[in-house]
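Below is one structure, written out as structure tokens, with a few remarks after it.
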Amino acid sequence: MTQNRRRIAVLTSGGDAPGMNAAIRSVVLCGTALNFEVIGVERGYDGLMRGSFVEFSQRVLDENLHRGGTLLRSARSHEFMTREGRAQAIEHLRRAGIEGLVVIGGDGSFAGALALDREGMPTVGIPGTIDNDIACTDVSIGFDTALNTVIHAVNQLRDTAYSHDRVYVVEVMGRNSGYIALYSGLAVGAEAILIPEIPEDLDNLVAKIDQVHKAGKAHSIVIVAEGVGGVPSSTRRYEESAGFRVAQYISEHSHHETRVTILGHLQRGGSPTASDRLLASRLGEAAVRLLARGVSGRMVGIQQNRVVDVPLEDAIGKPKPIDREYYELASLLTAVV
């Protein structure tokens, strides 16, 4: 370790999100500028319990800036959520001379970060999840790229939907949040959008599709958030998916030919957009500056285009309300003329 330089670490945890590599790069380069030595932790909290540390090179950081996923890789660890698991992780950190940690991830990752902070390891969180379901930040890293992935896919589906006069039900990710569905549905001009935050009315949906077709439009796109209906996406079978269930209802209660497309993990991949790269770079710098000031137990986020920091506990386990103005706008734009 370079003399007089404090050592900190950075890890990514939970589901990957495009832009995580830009955040890692920002933490490392800004940390170096602030006289930190920054090392990486491979495979999230699982790697932390095993002391899986890695050093960065400028070439590796730059070559991964445009890539989706995370160069540090990620993993989920139930063992880490035990006191024994965290004690093991902290021991590895202290043996490596690490005095602070930056965690890039979502709600579950922040729960682990808060536990580490409370047990003596200064920790700061950066929101990275395509679901955009983290409280206290307007947007999280990966959300914009996921939106653009959905938009590109639906643009292609419209061609075949038009050619065959079909109703396409497109299921998008988001867990129990409707942000991806609502924003992408607005952007692609979907004929209907179903999200978990608003009770579904499938009879009304069928009636709307009927109206669209009677008005002379022979195809429709229906965007459905995976959390509609409340079946956990991690345990469901295909026939239990929100998209399949909605499509089946349309088929059984109308004459429309219906197809289902579940975009799934395609939404997590791809080169991050400029918006996600810029956001990640800003939040990476902010996280390191907090540690440099001796501040921890915080999450950095963005509110009204300004970087803020809030207590980690304020961002954990709290629902992020959907923007009702966006939903009302979607209702107006899906009206039949």
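So, in the stretch 117-145, how many residues would count as being farther than 16 Å from Asp314 by Cα and part of a helix (DSSP H, G or I)?
3
Looking only at the stretch 145-176, how many residues end up being small (Gly, Ala, Ser) and out of contact with any strand residue (DSSP E or B) (no Cβ under 6 Å at 6 or more places or on another chain)? First the steps, then the outcome.
Taking the stretch 145-176 first, the residues small (Gly, Ala, Ser) are 146, 153, 161, 163, 174.
Keeping just the survivors that are out of contact with any strand residue (DSSP E or B) (no Cβ under 6 Å at 6 or more places or on another chain) gives 146, 153, 163.
Residues that pass the stated criteria total 3.
Can you name the condition, by its number, that Val167 falls short on among (1) in the same structural domain as Gly301 (by TED's automatic domain parsing); (2) farther than 23 Å from Gly108 by Cβ?
(1)
Quick one: would you say Ala247 is crowded, with 21+ Cβ neighbours inside 10 Å, more than 20 Å from Gly15 (Cβ to Cβ) and of a type in the set (A, V, I, L, M)? Show your work before the answer.
Working: crowded, with 21+ Cβ neighbours inside 10 Å: yes; more than 20 Å from Gly15 (Cβ to Cβ): yes; of a type in the set (A, V, I, L, M): yes.
So Ala247 passes the test.
I'm told Asp62 meets every condition in (1) at pLDDT below 95; (2) surrounded by 24 or more Cβ atoms within 10 Å (Cβ to Cβ); (3) not hydroxyl-bearing (Ser, Thr, Tyr) except one. Can you identify the failing condition by its number?
(2)
Sort out which residues of the stretch 65-91 are surrounded by 20 or more Cβ atoms within 10 Å (Cβ to Cβ) and either of a type in the set (Val, Ile, Thr) or touching a Pro at 6+ places or on another chain (Cβ under 7 Å) (or both), and write them in order of number.
Gly68, Thr70
How many residues, within the stretch 152-209, are outside any helix (DSSP H, G or I), of a type in the set (Val, Ile, Thr) and over 29 Å from Gly15 (Cβ atoms)? Write out each step before concluding.
Here is the first cut: in the stretch 152-209, the ones outside any helix (DSSP H, G or I) are 165-178, 189-201.
Then keep just the ones that are of a type in the set (Val, Ile, Thr); that gives 167, 169-170, 172, 193, 195, 198.
Now drop any that are not over 29 Å from Gly15 (Cβ atoms), which leaves 167.
Number satisfying all stated conditions: 1.
Please go through the stretch 1-28 and give me each residue that is in contact (Cβ under 8 Å) with a residue 40 or more places away in the chain and either surrounded by fewer than 22 Cβ atoms within 10 Å (Cβ to Cβ) or part of a loop (DSSP other than H, G, I, E, B) (or both), ordered by number.
Of everything in the stretch 1-28, those that are in contact (Cβ under 8 Å) with a residue 40 or more places away in the chain and either surrounded by fewer than 22 Cβ atoms within 10 Å (Cβ to Cβ) or part of a loop (DSSP other than H, G, I, E, B) (or both) turn out to be Met1, Arg6, Arg7, Ser13, Gly14, Gly15, Asp16, Ala17, Pro18, Gly19.
Anything in the stretch 5-27 that is at positive phi and touching a Leu at 6+ places or on another chain (Cβ under 9 Å)? List them, or say none.
First, pick out the residues of the stretch 5-27 that are at positive phi: 14, 19.
If the condition is that a residue be at positive phi and touching a Leu at 6+ places or on another chain (Cβ under 9 Å), then Gly19 is the only one that fits.
Out of all the residues in the stretch 29-55, which are among the small types (Gly, Ala, Ser), crowded, with 18+ Cβ neighbours inside 10 Å and in contact (Cβ under 8 Å) with a residue 40 or more places away in the chain?
If the condition is that a residue be among the small types (Gly, Ala, Ser), crowded, with 18+ Cβ neighbours inside 10 Å and in contact (Cβ under 8 Å) with a residue 40 or more places away in the chain, then Gly31, Gly44 are the ones that fit.
The values are calculated or read from the model by the stated rules, or taken from the named source; none is laboratory data. The shown structure was predicted, so the numbers you read here are calculated from the model rather than taken from an experiment. Neighbour counts are summed over all protein chains in view; Cβ atoms, including those assigned to glycine, are modelled from backbone coordinates with ideal geometry.
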